[in-house]
């Protein structure tokens, strides 16, 4: 369990101070000194950030686009930030399309740690010598990433296994980075106008929960076992076996499977494997996870897909999974049906049900955009329609209207797009939409089956019975509170504070103008009456009054001009 706490007095510990300096310097080096300056952080550090920002970084920012600089900075910032970037690349509700696409290119290129450290990590996890478990442990890792790395080994019983080991000290590094991220997110909400719309503090809090799950290899083991049970009777799918007795939160021992990478086309052809059969089975694997089970592998990129003899599909790395309830799957089917049948009004209606939004969008404009989207793509044959391109354009439309797509729904569409991309490399004639059509048809038919209708009616009857059972009591309780004057009506008016500030400003200016006018008129009357004492025949009090009125007038004019309008 990660121990995350808010940073109070900045830099109260050496690890915060040292790492915070490093984070700020990397951000400044990649041209984000303006953000650092907006947050007011540089005052705590002797970094010379302003010089960095105004100097070479300005030139650098002109040569490289902002999305690219964000990715480069994240890669340099290390494991925590790389994981955050990878998650943001799946969140169209939080970042723009161009940034999301760039973050999807993030590379987990971290030097491997030594086999001695790996074995020590295993021994620390079990409290026993590694020689008790392993007859052989390969010094060279077969894969290395920011959180951990994988070594090949052999158990005492002779089983070949892959041992996934968490990087030593990674939890402490992540805790420090998360505390710094939380502090920076809080400053962003307080100092950068419009940042609260993106809710940076909430992003960090959600990321903390996600990375907690990823740091517990028990979750990945559970995911593997669950998917394995889903396809237990299917000989065309293979999921590596998990050795629970040798696995902990920081060590995962699973069956080593010697399979062919799905992108190694030469080897696939050399072994006489059937590309079309591989493509069909691989796409069916993902479609069945989505439409039959509602629990799916959310990252089916080429590195996580392999092929065994007889065209059997092997799936790896179950750290990122998605889940979709029946109601969301059916809403997605309604959206697909509306788009395919070229019904912009229905498309608009379903989009507004699926997505989250803070303010009511312009429905007429959204319907026009939906019609344009449909006309651009669905005049083509199904084979020429690519899910990846559809997803990109759909996200752009949603972003334009500030509609947020639920993360799991986005992951589902992205998983389909990833599988389509892999499939087209093996079979350029592959048609993902045609492959998905039977699954969509079966899911739609299932909604009208007698069993499903009976289940829905039974569920509705139960809900109605509970409502009738509790409603009278709840109504009596509300009426009792009304009689006792205990009901408080909370009314929230958006932007009321801004309206009140504007009202106060106008009132103050009018009042100030009346005071100035009164001073001028009063001073003129004093001068006309020649009220003593006199200076060169002019009343001194009148002169003072005119002077004060002039000063107030200049002050008022300056205040108005400073606001940018009269």
Task: Residue that is farthest from residue 387 (Cα to Cα), among those in the range 339-355 that are touching a residue at least 40 places away in the same chain (Cβ under 8 Å) and part of a helix (DSSP H, G or I) - done: 352
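What do you reckon, is residue 434 in a helix (DSSP H, G or I), surrounded by 10 or more Cβ atoms within 10 Å (Cβ to Cβ) and modelled with pLDDT of 80 or more?
Values: in a helix (DSSP H, G or I): yes; surrounded by 10 or more Cβ atoms within 10 Å (Cβ to Cβ): yes; modelled with pLDDT of 80 or more: yes.
Here the answer is yes, as residue 434 does meet what is asked.
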Task: Lone unmet requirement of (1) surrounded by fewer than 17 Cβ atoms within 10 Å (Cβ to Cβ); (2) part of a loop (DSSP other than H, G, I, E, B) for residue 154 - done: (2)
Task: residue 159 surrounded by fewer than 17 Cβ atoms within 10 Å (Cβ to Cβ) and either outside the structural domain of residue 242 (by TED's automatic domain parsing) or touching a residue at least 24 places away in the same chain (Cβ under 8 Å) (or both) - done: yes
TODO: For the range 260-285, enumerate the residues that are under 20 Å from residue 231 (Cβ atoms) and either outside any loop (DSSP other than H, G, I, E, B) or touching a strand residue (DSSP E or B) at 6+ places or on another chain (Cβ under 8 Å) (or both).
DONE: 260, 262, 273, 277, 278, 279, 280, 281, 282, 283, 284, 285
TODO: For residues that are in contact with a strand residue (DSSP E or B) (Cβ under 8 Å, 6 or more places away or on another chain) and either part of a loop (DSSP other than H, G, I, E, B) or under 27 Å from residue 129 (Cβ atoms) (or both), tally how many sit in the range 225-248.
DONE: 10
Task: Candidates 139, 108, filtered to the one that is in contact with a helix residue (DSSP H, G or I) (Cβ under 7 Å, 6 or more places away or on another chain), modelled with pLDDT of 90 or more and assigned to a loop (DSSP other than H, G, I, E, B) - done: 139
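What are the residues in the range 73-87 that are in contact (Cβ under 8 Å) with a residue 24 or more places away in the chain and touching a helix residue (DSSP H, G or I) at 6+ places or on another chain (Cβ under 7 Å), if any? Give the steps one after another, and end with the answer.
In the first step, residues of the range 73-87 are kept if they are in contact (Cβ under 8 Å) with a residue 24 or more places away in the chain; the result is 73-84, 87.
Within the range 73-87, 73, 74, 75, 76, 77, 79, 80, 81, 82, 83, 84, 87 qualify.
Residue-wise test of (1) closer than 13 Å to residue 165 by Cα; (2) free of Cβ contacts under 8 Å to residues at least 12 places away in the same chain.
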| position | (1), (2) |
| --- | --- |
| 71 | no, no |
| 110 | no, no |
| 137 | yes, no |
| 143 | yes, yes |
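Which of the helices (runs of 4 or more DSSP H) contained wholly in the range 22-97 include at least 2 residues that are buried (at least 19 other Cβ atoms within 10 Å of the Cβ) and at pLDDT below 70?
Details: elements: 33-39, 49-54, 56-63, 66-77, 79-88.
So the answer is 49-54.
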Task: Which numbered condition residue 113 misses (of (1) closer than 26 Å to residue 219 by Cβ; (2) assigned to a loop (DSSP other than H, G, I, E, B); (3) in contact with a helix residue (DSSP H, G or I) (Cβ under 8 Å, 6 or more places away or on another chain)) - done: (3)
TODO: Could you tell me whether the range 315-323 includes any residue that is surrounded by fewer than 20 Cβ atoms within 10 Å (Cβ to Cβ) and in a helix (DSSP H, G or I)?
DONE: no
Open item on the list: Suppose we filter 213, 199 for residues that are at positive phi and either in the same structural domain as residue 418 (by TED's automatic domain parsing) or under 30 Å from the mean Cα position of the chain (by Cα) (or both); which single one remains?
Closed with: 199
Task: Criterion: within 28 Å of residue 261 (Cβ to Cβ), in contact (Cβ under 8 Å) with a residue 40 or more places away in the chain and surrounded by 16 or more Cβ atoms within 10 Å (Cβ to Cβ) - qualifying residue of 426, 409 - done: 426
TODO: Answer yes or no: is there a residue in the range 280-291 that is exposed (fewer than 15 other Cβ atoms within 10 Å of the Cβ) and either touching a helix residue (DSSP H, G or I) at 6+ places or on another chain (Cβ under 8 Å) or more than 26 Å from residue 91 (Cβ to Cβ) (or both).
DONE: no
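The values are calculated or read from the model by the stated rules, or taken from the named source; none is laboratory data. All values derive from a computational prediction rather than experimental measurement. Virtual Cβ from ideal backbone geometry, glycine too; neighbours counted across all protein chains shown.
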